1. Provide 187, 194 in ascending order of the number of other Cβ atoms located within 10 Å of each residue's Cβ, fewest first.
2. Just want the ordering: 112, 13, 191, 170, from fewest to most Cβ atoms lying within 10 Å of their own Cβ.
3. Go ahead and estimate [θ] at 222 nm for the chain from helices alone: -39,500 (n - 2.57) per DSSP H run with n ≥ 4, summed, over the residue count, rounded to 500.
4. Quick one, can you get me the convex hull of the C-alpha atoms of the chain expressed as volume per residue in Å³?
5. How high is the relative contact order of the chain, given as a whole-number percent (alpha carbon pairs under 8 Å, six or more residues apart)?
6. Between residue 64 and residue 13, what is the label-point separation in nm under the 7 Å Cα-to-beta-carbon projection?
7. Normalised by the number of residues in the range 127-167, what is the relative contact order in percent for Cα pairs under 8 Å and 6+ residues apart?
8. For residue 130, project a label point 7 Å along Cα to C-beta. Then give me every residue of the range 151-166 with its amide nitrogen under 12 Å of that point.
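Just so you know, all these numbers are worked out from the coordinates, no wet-lab data involved. Worth saying up front: this structure is predicted, and the values here are computed from it rather than measured. Positions of Cβ are generated from backbone atoms using ideal geometry, with glycine treated the same way; all protein chains shown enter the neighbour counts.
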Ligand code: GRF
């Protein structure tokens, strides 16, 4: 199986990263995580990456850069130096500059814990619960300059239960993320897609 080199950017727990690394090691997802970048010094995602032997694991400190463009440029350079084809955001909690987005056009993807376009923003699961939605879920999308606004690659639905809290709902959404993200990445790498307006038309 040919493994495409990818970079993962993560600010938090890194559980999606852990699933990707595991699936990659078992040949279930045709990617090789070559670079992991975090903007948080103590992100568990960095430890997960180091423990898994990812060749380049970087904490890039936003405070060392004069602005967002300069910070993003340092990230982009590290990704390009490692020859990565795809950039996968997995709980990356920084808004990306349009320069960064343009330099990885159609090669930059994100997973968001809601059924977009509903409940974009920092707390997709909590917002769906508070609104009273009866179904929640997760969305994998291409990243464009609008936050959580790029073309939709795949979605999975999770019912909202009577006794759900924000955390219980988010935990069940994450179980779906662990299936949907690697599966969507596999389709991207193996088949690809074309865009018809905002619609993603898969080649498979
Ligand atoms: C996920 O719920 C994802 O949808 C959102 O951030 C969370 C990251 O979780 N973008 P983890 O760091 O992979 O555990």
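1. In order of increasing Cβ crowding within 10 Å: 194, 187.
2. On the way: 112 24, 13 15, 191 10, 170 21.
Ordered from fewest to most neighbouring Cβ atoms within 10 Å, 112, 13, 191, 170 come out as 191, 13, 170, 112.
3. -11000 deg cm²/dmol
4. On the way: hull volume 24.7 nm³, N = 204.
Hull volume over Cα atoms, normalised by residue count, gives 121 Å³.
5. RCO, the chain: 18 percent.
6. 2.9 nm
7. Reported as a whole number, the value is 43 percent.
8. Only 166 pass the distance filter.
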